[in-house]
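Just below is one structure, and these are the notes that go with it.
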Amino acid sequence: MNIYKRVLEVHGAAHQKVKAIEELGELIVALAKELNGIGSHESVCEEIADVENMIAQLKIMFDSNAIDDIRTHKLQRLESQLNNATEDFEEHG
């Protein structure tokens, strides 16, 4: 059993959802501080790592295949938008 499934069994899904919210909030604060010149790159990296660990747990709780499909679709849409923006810039830039 992987560590993420184990932590969900020990602490429960509801507790880990609250923990995910807390970690996301800490990332928001770290990014805001870094943007304002009072935070550190290291602090942001640490919070990103915490959030990634929580996302791995959320993907177990929710449908990871559906999440992956949605993510792929969104990346394809972003690529299309970037291609269109590049074409517009080349035509009018």
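Conditions (1) in contact with a helix residue (DSSP H, G or I) (Cβ under 8 Å, 6 or more places away or on another chain); (2) hydrophobic (A, V, I, L, M, F, W, C); (3) closer than 19 Å to His15 by Cα, marked per residue:
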residue	(1), (2), (3)
Gly25	no, no, yes
Ser43	yes, no, no
Glu47	yes, no, yes
Asn53	yes, no, yes
Ser80	no, no, no
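Just wondering, is there one or more residues in the stretch 2-16 that are within 13 Å of the chain's Cα centre (by Cα), open to solvent by less than 80 Å² (accessible area, probe 1.4 Å) and touching a residue at least 12 places away in the same chain (Cβ under 8 Å)?
Taking every residue of the stretch 2-16 in turn, none turns out to be within 13 Å of the chain's Cα centre (by Cα), open to solvent by less than 80 Å² (accessible area, probe 1.4 Å) and touching a residue at least 12 places away in the same chain (Cβ under 8 Å).
Considering Thr72, Thr86, which residue is surrounded by fewer than 11 Cβ atoms within 10 Å (Cβ to Cβ), without any contact (Cβ under 8 Å) to a residue 12 or more places away in the chain and among the β-branched types (Val, Ile, Thr)?
After ruling out the rest, the residue left standing is Thr72.
Only one of Glu79, Glu46 is surrounded by 12 or more Cβ atoms within 10 Å (Cβ to Cβ) and outside any loop (DSSP other than H, G, I, E, B); which?
Glu46
Just give me the residues in the stretch 49-72 being part of a helix (DSSP H, G or I) and either at positive phi or among the hydrophobic types (A, V, I, L, M, F, W, C) (or both), in sequence order.
Ala49, Val51, Met54, Ile55, Ala56, Leu58, Ile60, Met61, Ala66, Ile67, Ile70
The values are calculated or read from the model by the stated rules, or taken from the named source; none is laboratory data. Everything quoted here is computed from the prediction, not taken from an experiment. As a convention, Cβ positions derive from the backbone with ideal geometry for all residues, glycine included, and neighbour counts pool all protein chains shown. The accessibility values were calculated without ligands, DNA or RNA, using every heavy atom of the protein model including side chains. Shrake-Rupley method; radii C 1.70, N 1.55, O 1.52, S 1.80 Å.
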